[in-house]
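Taking it in order: structure first as structure tokens, then the write-up.
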Amino acid sequence: MKLFTAPLSLYGRKVEIALREKSLAYEREMVPFSQEAGYTPKHPAVLAVNPKGQVPVLYDGDLALFDSTVILEYLEDAYPEPALYPSDPAERAQCRLLELYADEILSGEVRRLMYRTEAPHPDPQTRARRTEEGRQAETAIRALYHSLAQKLSGKPFFCGDVSVADIALFVAILYAHRLGGPPLDETPALAAWYARVGARPAAAEIAEEIADADRALSPPLSP
């Protein structure tokens, strides 16, 4: 099994945590990335599978997959133990919705903070617009944290045992933090959950790798 990913790929790191939670051995290749050029030039092995040229891409024997959600569903079907989805159909659907919440809703706001790890834009009006969008994103992220705390509702994990929902939400919040987003101090139950997931070896190892990659690849955060 071989995973093409990148040091600061949110969705690639999500797949890596799942692979490690399932104790699956895999070879990893980091595609070229810099804050200045992004993923240019695109890696040919990635382009061969994903027309968008985005990581993660997983090769398992003759099978090649892209999109983190598709990859995680495949891993669950092909390597079902330990399970990362609930067995009950309704609970499984809720788990998938929470993964979608992480990937599309929360991460959508987190992406509005990504300018903070880029070189300052030369145009003052663009810098001001990005700063204002960052403030708006922080307000939205705080509201999403409160919504997640309600969904957690006193449980240790979102879907019974640790699941794809926990992995996706953990990575999205980790990226919000690394981009200077709001802390979890207004939602202590969510903060306790985040610490609980972050203490698991799979998540802790990846979080440390992301911190190392930030030190190597990211400039100091801009306002």
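None of the figures in this text is laboratory data; all of them are computed from the coordinates on show. Note that this is a predicted model, so its numbers are computed, not measured. Here the Cβ positions follow ideal geometry from the backbone for every residue, glycine too, while neighbour counts run over all protein chains shown.
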Would you please give the residues with an amide H less than 5 Å from that of Val55, counting only those at least 5 places away or on a separate chain, with H modeled from the backbone geometry? none
A correct Karplus calculation of ³J(HN,Hα) over the stretch 14-27, with 6.51 cos²θ - 1.76 cosθ + 1.60, θ = phi - 60°, whole Hz and x for Gly and Pro, returns 4, 5, 5, 4, 4, 4, 6, 4, 8, 6, 8, 6, 8, 8
Interchain or sequence-distant (5+) residues whose placed amide H lies within less than 5 Å of the amide H of Arg28 are Leu3
Explain nothing, just compute: Karplus ³J(HN,Hα) = 6.51 cos²θ - 1.76 cosθ + 1.60, θ = phi - 60°, for every residue of the stretch 48-61 in order, whole Hz, x for Gly and Pro. 5, 10, 10, x, 7, x, 10, 8, x, 10, 10, 10, 10, x
Hand me the trypsin sites (Lys or Arg not before Pro) from the stretch 1-67 located in a DSSP loop with no more than 15 other Cβ atoms within 10 Å, in residue order please. Lys52
Translational diffusion coefficient, Stokes-Einstein: compute it for the chain using the Kirkwood radius over C-alpha pairs as Rh, at 20 °C and 1.002 mPa s, and state it as an integer in µm² s⁻¹. 118 µm²/s
In debye, nearest 20: dipole of the stretch 89-217 around its Cα centre with unit charges on the Cβ of K, R (+) and D, E (-)? 260 debye
Karplus ³J(HN,Hα) for the stretch 174-187 (6.51 cos²θ - 1.76 cosθ + 1.60, θ = phi - 60°; Hz, whole; x = Gly/Pro) runs 4, 5, 4, 5, 5, 9, x, x, x, x, 9, 5, 7, 10
Any idea which of Thr126, Ala172, Ala213 is furthest toward the positive side of the dipole for the chain, if Lys and Arg beta-carbons carry +1 and Asp and Glu beta-carbons -1? Thr126
What's the magnitude of the charge dipole for the chain around its Cα centre, counting Lys and Arg as +1 and Asp and Glu as -1 at the beta-carbon? Answer in Debye, nearest 20. 600 debye
Between Val197, Val70, Val57, find the one with the highest GNM mean-square fluctuation for the chain; connect C-alpha pairs within less than 10 Å. Val70
If you average the sequence gap of Cα pairs under 8 Å that are 6 or more apart and divide by the length of the stretch 89-217, what percent do you get for the contact order? 32 percent
Inverse mean reciprocal Cα-Cα distance (Kirkwood Rh) of the stretch 2-78, Å: 12.5 Å
Multiply the residue gap between Met114 and Glu29 by 0.36 nm, knock off their C-alpha separation, and tell me the result in nm, one decimal place. 28.2 nm
Taking the Kirkwood radius as the inverse of the mean 1/r across Cα pairs, report the Rg/Rh of the stretch 89-217. 1.00
Once every DSSP H run of n ≥ 4 in the chain is given -39500 (n - 2.57) and the sum is divided by its residues, what mean residue ellipticity at 222 nm do you get, rounded to the nearest 500 deg cm²/dmol? -16500 deg cm²/dmol
